[in-house]
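This report concerns only the one structure given below.
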Amino acid sequence: NAGVTQTPKFRVLKTGQSMTLLCAQDMNHEYMYWYRQDPGMGLRLIHYSVGEGTTAKGEVPDGYNVSRLKKQNFLLGLESAAPSQTSVYFCASSKDSGGDTDTQYFGPGTRLTVL
Amino acid sequence: QQQVKQSPQSLIVQKGGISIINCAYENTAFDYFPWYQQFPGKGPALLIAIRPDVSEKKEGRFTISFNKSAKQFSLHIMDSQPGDSATYFCAAPFGNEKLTFGTGTRLTIIP
């Protein structure tokens, strides 16, 4: 099992450009999450999904959109990138409700720089 | 505001010493408190978690202590080793579906 994979690993964008980050999991997990990690800010939840076809806002959703068309994939989109979106992005998945007793499994991260 | 306050931000401990990281939380949806460990260039991974029907959980050199009345929990790393050097995050559930993470503690173990 590959676990949670993220594509791409690195990306540099110019302000105003758009891009999509792809997260894939092969553990048949229901719940998937997108976080951003910034120095001194910890992990902040952007959006999450409790199952195929569902999405919900997290703590810092502005400027991002997500889609969960297939159970194994969770896409994070930036429609018009801003320098404030420079960050490391992590995807995670969990079997059931991640806030309960279930472990969240994280991907290796995508380092995004917006110039 | 759903918050988990973690301290210290960084910690340097000598090899063989005890590393202690603290977290304080506000009202959570239920009692489940995990700690995640993150090595440079990697994603976080679950280290240890406690469901406080007990006040302490130990796994090898790692122990979680929980004080429900004070709304605090802490991670103790006994006999700290250079391989423990990493960033540690505490977390707490503020809903049935998600965790809120602390701001992280960068731990460095020096020889």
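Extending 7 Å from Cα along the Cβ direction at B:Ala70 and again at A:Met41 yields two label points whose distance is 3.1 nm. Modelled label positions at A:Met27 and B:Phe39, each set 7 Å beyond Cα in the direction of Cβ, lie 1.8 nm from each other. Along the Cα-to-Cβ line of A:Asn73, 7 Å from the Cα, sits a label point; which residues in region A:8-41 have backbone N less than 12 Å from it? Label zone hits: A:21-25. Kirkwood's formula applied to the C-alpha pairs of region A:4-95 gives a hydrodynamic radius of 13.2 angstrom. Remark: mean inter-chain Cβ contacts per residue of B:38-47 equal 5, using a 10 Å Cβ-Cβ cutoff to other protein chain atoms.
Tell me the chymotrypsin sites (Phe, Trp or Tyr not before Pro) within region B:4-34 that lie in a loop according to DSSP and have at most 16 other beta-carbon atoms within 10 Å. Those satisfying the criteria are B:Phe30. With an a/c value of 1.5 or above and a/b larger than b/c for the gyration tensor axes a ≥ b ≥ c computed over the alpha-carbon atoms, chain B is described as prolate.
Across region A:2-27, the residues whose backbone nitrogen lies under 12 Å from the label position 7 Å along the beta-carbon direction of A:Leu115 are A:12-15.
For region A:80-95, the Karplus equation 6.51 cos²θ - 1.76 cosθ + 1.60, evaluated at θ = phi - 60°, returns couplings of 9, 4, 10, x, 5, 8, 4, 5, 9, 9, 10, 9, 9, 9, 9, 5 Hz by residue, with Gly and Pro reported as x. Positive contributions from Lys and Arg (+1) and negative ones from Asp and Glu (-1), summed over other residues with Cβ under 13 Å from the Cβ of A:Asn65, come out at 0.
Obtain the nm distance between the two label points defined at A:Ser84 and B:Val54 by a simple spin-label model: each point lies 7 Å from its Cα along the Cα-to-C-beta direction. Result for the modelled spin labels: 4.5 nm. Annotation for region A:4-76: trypsin sites (Lys or Arg not before Pro) lying in DSSP loop with at most 16 further Cβ atoms inside 10 Å of their Cβ are A:Lys9, A:Lys14, A:Lys70, A:Lys71. In this structure the amide hydrogen of B:Thr100, modeled in the peptide plane, comes within under 5 Å of the amide hydrogens of B:Ala92, B:Phe94, none closer than 5 places in sequence on its chain. The GluC sites (Glu not before Pro) of region A:39-84 meeting both criteria, a DSSP state outside H, G, I, E and B (loop) and at most 14 other C-beta atoms within 10 angstrom of the site's C-beta, are A:Glu52, A:Glu79. Spherically averaged projected area of the convex hull of Cα atoms, the protein assembly as shown: 12.2 nm². The residues B:Arg106, B:Arg61, A:Arg111, sorted by heavy-atom accessible surface at 1.4 Å with ligands and nucleic acids left out, run B:Arg106, A:Arg111, B:Arg61 from largest to smallest.
The values are calculated or read from the model by the stated rules, or taken from the named source; none is laboratory data. From a predicted model like this one, the values you see are computed outputs, not experimental measurements. Heads up, the Cβs are rebuilt from the backbone with ideal geometry, glycines too, and the neighbour counts pull from every protein chain shown. Only protein heavy atoms, including side chains, enter the accessible area calculation; ligands, DNA and RNA are left aside. Shrake-Rupley method; radii C 1.70, N 1.55, O 1.52, S 1.80 Å.
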